[in-house]
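Encoded as structure tokens, the structure appears first; notes follow it.
Coordinate-derived values only; no laboratory data. Note that the structure is predicted; figures quoted are calculated from it, not measured. Please note: Cβ atoms are built from the backbone with ideal geometry, for glycine as well, and neighbour counts cover all protein chains shown.
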Amino acid sequence: MTIRKKPGRHPEFPMDTMIRVRMNQIVLHELDTCAKAWNTTRSDVIRRGIHRLYDDLNR
């Protein structure tokens, strides 16, 4: 029998920093549309976007 790990956040990478972002209604609508289409949160959409932009820098 194997021991199952608890689901949830990784303790090695805590998400304990919060930032505020200003955006207009158009960008907010785009963010919400992406979050709904990907069935995820606004924060996750923003993090994915940052990862993609960062990856593009390293190409």
Practice item. Sort 43-49, 32-38, 13-19 for me by packing, meaning the mean count of neighbouring Cβ atoms within 10 Å per residue, highest on top. Key: 43-49, 32-38, 13-19
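How much net charge surrounds Arg42 when only the other residues with a Cβ under 12 Å from the Cβ of Arg42 are counted, with Lys and Arg +1 and Asp and Glu -1?
Summing Lys and Arg as +1 and Asp and Glu as -1 gives 0.
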